[in-house]
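Enquirer: Here it is: the structure, laid out below.
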Amino acid sequence: MFRLAFAVCLSAVACAGIAAPIYDSSLELSPLNQVFATGTNTVSDCYDVPGSGRTCGRVELTPALMTMSGWAATGGGMTATVDMRGVITFTDLIFTNLSDPTDNGFISVSANLVADWISGGPTNERMIVQAKINGGLNEFSDSFTTPGVRNVLTSNATVQLSTPVTFGYIGDFRLRDSVSGAENGSASLGLADVGVFNLPTGYTLNSVDAGIVNNNLAAIPAPGMLTLLAVALFGMRWRRSRSV
């Protein structure tokens, strides 16, 4: 899943306040079943088994997309496992009645997620997708055991209009090597670009944290895009000042 992102701010500092989702990422490498790394929006680590092989994993979270990739390889009769987990939570979803913005009643909604799982070895993997609305009052879970792209529709939840709603989605991705060879793969999970939530006619959704405008994803600056834009703008200004 690829999104073309456009930077609309003039500096990274100015854009820093645009989105403030809550991130939680973790990475567990075995055969020793130890958590080797935990982080906020990015975590990456490797584990070497002397004489056997190397096991690595990486989790990276952005407002509307999480990516997980890993490599599991051991020998000597041992099995290597990489468990990767990402959690992205937004606390400012506002559902609105377009005909009456002051309406604070309730409606039923569901979210649209897109899961993309690419396997580079034997399919000894599994992917679990979860979502929580209203701080866990409405929970959804689904799991897959084969690679591919899937549109994931969460279960319905009742939300209050004109009131901040919490929504979080969780991706769990596991790689495990086998007798037939090393296991490698990657997975991503994110919000649908268009129609992030299924809403009744006449209602919309906005979220600064998630970058949602009128229930669609707005352009989100890609990593490094803000720096490149700032350099370009500075260069244009310098050339203009030189020509005056």
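Enquirer: Is there any pair with a first residue in the range 148-172 that is within 14 Å of LYS132 (Cβ to Cβ) and a second that is assigned to a loop (DSSP other than H, G, I, E, B) whose Cβ atoms are under 7 Å apart and which are 6 or more apart or on different chains, and what are they?
Expert: Filtered contacts from the range 148-172: ALA157/ASN134; VAL159/ASN134; VAL165/ASN134; THR166/ASN134; THR166/GLY135.
Enquirer: State yes or no: is THR158 within 15 Å of ILE94 (Cα to Cα), outside any loop (DSSP other than H, G, I, E, B) and at pLDDT 90 or above?
Expert: Yes, satisfied.
Enquirer: Something else now. Kindly check whether there is at least one residue in the range 137-147 that is at pLDDT 95 or above and touching a strand residue (DSSP E or B) at 6+ places or on another chain (Cβ under 8 Å).
Expert: No, the range 137-147 has no match at all.
Enquirer: Hey, ALA222 hits all of (1) modelled with pLDDT of 55 or more; (2) surrounded by fewer than 19 Cβ atoms within 10 Å (Cβ to Cβ) but one; which does it fall short on?
Expert: Failing condition for ALA222: (1).
Enquirer: Working only within the range 174-215, note down all residues that are touching an Asp or Glu at 6+ places or on another chain (Cβ under 7 Å) and either closer than 30 Å to THR79 by Cα or of a type in the set (Phe, Trp, Tyr) (or both).
Expert: Hits for the range 174-215 are ARG174, LEU175, ARG176, ASP177, GLU183, GLY185, ALA187, SER188.
The values are calculated or read from the model by the stated rules, or taken from the named source; none is laboratory data. Keep in mind that what you see is a predicted model, and the values were worked out from it rather than measured. When we count neighbours, we look across all protein chains shown, and the Cβ atoms used for this are built from the backbone with ideal geometry, even at glycine.
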